[in-house]
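Here's the structure, in structure tokens; my notes come after.
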Amino acid sequence: MARLDVTETFHGISFPGHLHNQDSFRYALDFKFQDTDILIVTYPKSGTTWMQEIVTLVSNRGDASKAQNQPNWARAPWLEQYYCPEILKTSQGPRLLTTHLPYQLLASALRSSKAKVIYVARNPKDVVVSYYHFHKMANFLPNPGTFSEFLSAFKEGTVHYGSWFDHVKGWTSNAGNIHNFLYITYEEMWQNLRGSLEKVSRFLQCPLLEEEFISTEKNCSFSTMRESSMVNYKNIPQEIMDHSKGSFMRKGQIGDWVNIFSKQQSCSFDKFYESKMADSSLKFVWLKPEESSLLNSRQDTEILVRHAA
Ligand code: PPS
């Protein structure tokens with residue numbers, strides 16, 4: 001299924017036709033969750049692959065052999081991607097699943113389930129930058145145009161997978177309707193990986209010994225994952241992902257947005273963010289703490305660190 005130039009629209013949201021079709025969406029909406037399922041939920045570029053690695057490692061008590069031998073898309077398939085049913089037919093043990101779908105599309109399937117849901121969020125300025133770079137290398141996504149054009153589409157929610165704002169608010173405001181729900185951010189994982197692993201291990205009721213935590217931490221580090229062909233997509237053919245135009249494991253940083261947002265774009269995004277998130281109590285970290293203090297001495301600080309935790 002190449003369909004590199006095809007866009008599928010489902011419930012008003014655009015998706016890449018290379019990965020999805022109408023049947024695959026219906027499969028996801030009708031999915032029969034089991035109580036032992038673990039579902040990783042993210043808006044794209046928010047730490048999906050990182051959490052897939054973390055859950056794989058924690059579930060295997062720090063043993064990296066599964067993570068090193070099976071591609072992430074095979075051990076943690078996206079529910080709404082067309083190949084999911086085939087993968088689940090042959091998989092054994094508790095199922096690890098992934099989705100980028102918004103809450104309202106999976107609400108009914110999850111309603112009576114005790115599946116464990118892990119929602120990973122990332123600050124939207126870093127998400128849009130990561131997503132922009134990914135569009136340049138992923139030939140199944142539309143040409144992003146200039147950053148300014150892409151930023152406008154991201155704010156309007158017309159990019160593939162829809163609005164970041166609706167996604168994050170939809171899932172987090174309905175956390176109370178989900179039996180087992182863990183909310184965690186990319187920034188928390190970045191700033192306190194060990195603490196985040198402990199959180200995930202408690203949530204999964206999968207206690208780890210000290211050496212198992214150490215192995216997990218080492219194997220889900222950016223430097224280890226960047227070299228792993230099971231997660232860096234380097235084996236995907238050039239016509240699908242053009243590695244001459246970038247890397248999937250690109251920078252793995254907090255606050256990279258300052259390198260691409262202009263002062264005006266940042267200011268306007270902040271205003272837009274405030275209006276869209278007025279009904280949400282979520283707080284994001286926007287910069288690394290040391291960069292926040294560096295920026296404090298710059299004139300444009302007020303704009304850049306307005307949301308810093
Ligand atoms: S996707 O396409 O939705 O599955 O992408 P996703 O995995 O959600 O996000 C990719 C970004 O996550 C970064 N990443 C990591 N950062 C820090 N540590 C680890 N271990 C890690 N693994 C993945 C990856 O580099 C992408 O972010 P950017 O900012 O583009 O580097």
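The values are calculated or read from the model by the stated rules, or taken from the named source; none is laboratory data. All values derive from a computational prediction rather than experimental measurement. As a convention, Cβ positions derive from the backbone with ideal geometry for all residues, glycine included, and neighbour counts pool all protein chains shown.
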Checklist outcome for this item: Output for Cβ contacts, cut-off 7 Å, separation at least six or different chains, first residue at pLDDT 95 or above in region 272-283, second aromatic (Phe, Trp, Tyr), reads Lys276/Phe165; Met277/Phe165
Next on the checklist: For a quick check of your reading of the model, give me the residue pairs whose first member lies in region 222-238 and is within 16 Å of Gln52 (Cβ to Cβ) and in a helix (DSSP H, G or I), whose second is more than 10 Å from the ligand (Cβ to nearest atom) and charged (D, E, K, R), with beta-carbon atoms closer than 8 Å and at least 6 apart or on different chains.
Outcome noted: Thr224/Lys218
Checklist entry - Which members of region 26-38 meet the condition of being in contact (Cβ under 8 Å) with a residue 60 or more places away in the chain and in contact with a helix residue (DSSP H, G or I) (Cβ under 8 Å, 6 or more places away or on another chain)? => result Ala28, Leu29, Asp30, Phe31, Lys32, Phe33, Ile38
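Considering region 140-168 alone, what residues qualify as being assigned to a helix (DSSP H, G or I), among the small types (Gly, Ala, Ser) and free of Cβ contacts under 8 Å to residues at least 40 places away in the same chain?
First, pick out the residues of region 140-168 that are assigned to a helix (DSSP H, G or I): 147-156, 164-168.
Okay, now just the ones that are also among the small types (Gly, Ala, Ser), so 148, 152-153.
Result: Ser152, Ala153.
Restricting attention to region 53-93, and to residues there that are touching a residue at least 40 places away in the same chain (Cβ under 8 Å) and among the hydroxyl-bearing types (Ser, Thr, Tyr), which single residue is farthest from Glu227 (Cα to Cα)?
Let us first name the residues in region 53-93 that are touching a residue at least 40 places away in the same chain (Cβ under 8 Å), namely 53-59, 61-64, 67-72, 78-82, 84-85.
If we keep only those that are among the hydroxyl-bearing types (Ser, Thr, Tyr) as well, we get 56, 59, 82.
Working: Thr56: 17, Ser59: 22, Tyr82: 27 Å.
It comes out as Tyr82.
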Item to check | Condition broken by Val258, with the remaining ones in (1) over 18 Å from the mean Cα position of the chain (by Cα); (2) surrounded by 14 or more Cβ atoms within 10 Å (Cβ to Cβ); (3) within 9 Å of the ligand (Cβ to nearest atom); (4) not aromatic (Phe, Trp, Tyr) satisfied | outcome: (3)
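Has region 230-249 got any residue that is under 25 Å from Arg95 (Cβ atoms), within 16 Å of the ligand (Cβ to nearest atom) and exposed (fewer than 15 other Cβ atoms within 10 Å of the Cβ)? Step through it out loud before you land on a result.
Filtering region 230-249 for residues under 25 Å from Arg95 (Cβ atoms) gives 230-233, 235-236, 248.
Applying the additional criterion that residues be within 16 Å of the ligand (Cβ to nearest atom) yields 230-233, 235-236, 248.
This time we only want the ones that are exposed (fewer than 15 other Cβ atoms within 10 Å of the Cβ), so: 235.
Yes, region 230-249 has at least one match.
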Item to check | Wholly within region 1-114, strands (runs of 3 or more DSSP E) carrying at least 1 residues that are away from the ligand (no atom under 16 Å from the Cβ), of a type in the set (Phe, Trp, Tyr) and buried (at least 17 other Cβ atoms within 10 Å of the Cβ) | outcome: 7-10
Next on the checklist: Cβ-Cβ distance below 9 Å, separation of 6 or more or different chains: which pairs start in region 192-208 with a residue that is farther than 16 Å from Phe181 by Cβ and end on one that is at pLDDT below 95 and basic (Lys, Arg)?
Outcome noted: none
Checklist entry - Hey, does region 124-139 have a residue that's surrounded by 22 or more Cβ atoms within 10 Å (Cβ to Cβ), closer than 29 Å to Lys32 by Cβ and modelled with pLDDT of 95 or more? => result no
Checklist entry - Out of Arg194, Arg202, which single residue is at pLDDT 95 or above, within 16 Å of the ligand (Cβ to nearest atom) and out of contact with any Cys (no Cβ under 9 Å at 6 or more places or on another chain)? => result Arg194
Checklist entry - Can you name the residue in region 205-221 that is part of a loop (DSSP other than H, G, I, E, B) and more than 16 Å from the ligand (Cβ to nearest atom) and is also surrounded by the fewest Cβ atoms within 10 Å (Cβ to Cβ) among such residues? => result Gln205
Checklist outcome for this item: Among Tyr183, Tyr161, the single one that is farther than 22 Å from Val285 by Cα and modelled with pLDDT of 95 or more is Tyr161
